[in-house]
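Below: one structure, written as structure tokens.
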Amino acid sequence: MSTIQIIGAPQSNFVRVVRMACHEKGVSYDLEVARPHSPPVQAIAATGKIPVMRHGEVALCETRAICGYIDTVFPGPKLIPADPVKAAICEQWMSLVTTHIDNILLRQYLVAYFFPGTPDGSPDRARIDAALPKLGPVFAMLEAELTKHPYLGGDEFTLADMFLFPLVNFLPRGPESAEHMKASPHLQAWFDRVNARPSAVATLPPPMPGR
Ligand SMILES: N[C@@H](CCC(=O)N[C@@H](CS)C(=O)NCC(=O)O)C(=O)O
């Protein structure tokens, strides 16, 4: 079977999730570096969002779908547990990461520092201030979960951890999120555990272009 092609920018959180999934599964892949909305991306994803994937005749967008494909088509350790309850818990956390956690920590908070869209490029203080009260509950949810278990939803490292990890990697960059990290020892210990995995080491993102 042909080699998987992952198309997207290595700085992207979602591209990192798919790359980590390949490494964890033991699947070799080629990374074709492409920006969101560029022609090779747009050819597969009408949204223009990265990552997208090609594997022979198969072309996919959406991180969850790509990872699910990799998990079921290739042999290797299961990224989503086979047990139905554990699988549902894994799905629950992936959904929480993509719909809630990413939305607040990244799109509402960190983006306002690093991609503010202000005329002079300075942080968008109004957006940051609006996001600040929402940070505490998100950190509390993660800290409570990782106080109960070593990984999201249980004792095993799963795709849910891969969904969360690239996002947490950026949290020390925001002053308020850095403070929350310092006050969340179980989240920090989880991060350190995942960060030491070969899949994390192999996919460390390069600096953002122009930064
Ligand atoms: N729902 C998509 C989200 C992917 C996504 O948001 N990718 C970002 C980069 S991390 C992107 O392409 N942003 C460009 C845009 O939103 O226009 C997935 O799960 O793959």
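The values are calculated or read from the model by the stated rules, or taken from the named source; none is laboratory data. Being a predicted model, the structure only gives us computed values, none of them experimental. Here the Cβ is made from the backbone with ideal geometry for all residues, glycine too, and neighbour counts use every protein chain on show.
Miscellaneous remarks
- Note on region 1-28: residues that are away from the ligand (no atom under 14 Å from the Cβ) and closer than 20 Å to T158 by Cα amount to 7.
- Pairs, first under 13 Å from D71 (Cα atoms) in region 20-39, second within 15 Å of the ligand (Cβ to nearest atom) and β-branched (V, I, T), C-beta under 7 Å, six or more apart: M20/T203; A21/I70; C22/I70; H23/T203; K25/I70; V27/I70
- In the set C90, C67, C61, only one residue is in contact with a Leu (Cβ under 7 Å, 6 or more places away or on another chain), within 29 Å of K134 (Cβ to Cβ) and outside the structural domain of L135 (by TED's automatic domain parsing); that residue is C67.
- Boolean, T72 is surrounded by fewer than 20 Cβ atoms within 10 Å (Cβ to Cβ) and either on the phi > 0 side of the Ramachandran plot or more than 11 Å from the ligand (Cβ to nearest atom) (or both): yes
- Residue count for region 48-58, restricted to those that are without any contact (Cβ under 8 Å) to a residue 40 or more places away in the chain and within 21 Å of L159 (Cβ to Cβ): 2
- Helices (runs of 4 or more DSSP H) completely within region 108-211 that count 3 or more residues being in contact (Cβ under 8 Å) with a residue 12 or more places away in the chain and surrounded by fewer than 17 Cβ atoms within 10 Å (Cβ to Cβ): 125-148, 185-195
- For L105: the one exception among (1) within 16 Å of the ligand (Cβ to nearest atom); (2) part of a loop (DSSP other than H, G, I, E, B): (2)
- Hits in region 27-72 (condition: of a type in the set (A, V, I, L, M) and assigned to a loop (DSSP other than H, G, I, E, B)): V27, V33, A34, A43, I44, A45, A46, I50
- Residue check for A87: closer than 30 Å to P137 by Cα and more than 11 Å from the ligand (Cβ to nearest atom): yes
- Here V41 passes the criteria (1) β-branched (V, I, T); (2) crowded, with 17+ Cβ neighbours inside 10 Å; (3) more than 12 Å from the ligand (Cβ to nearest atom) except the one numbered (3).
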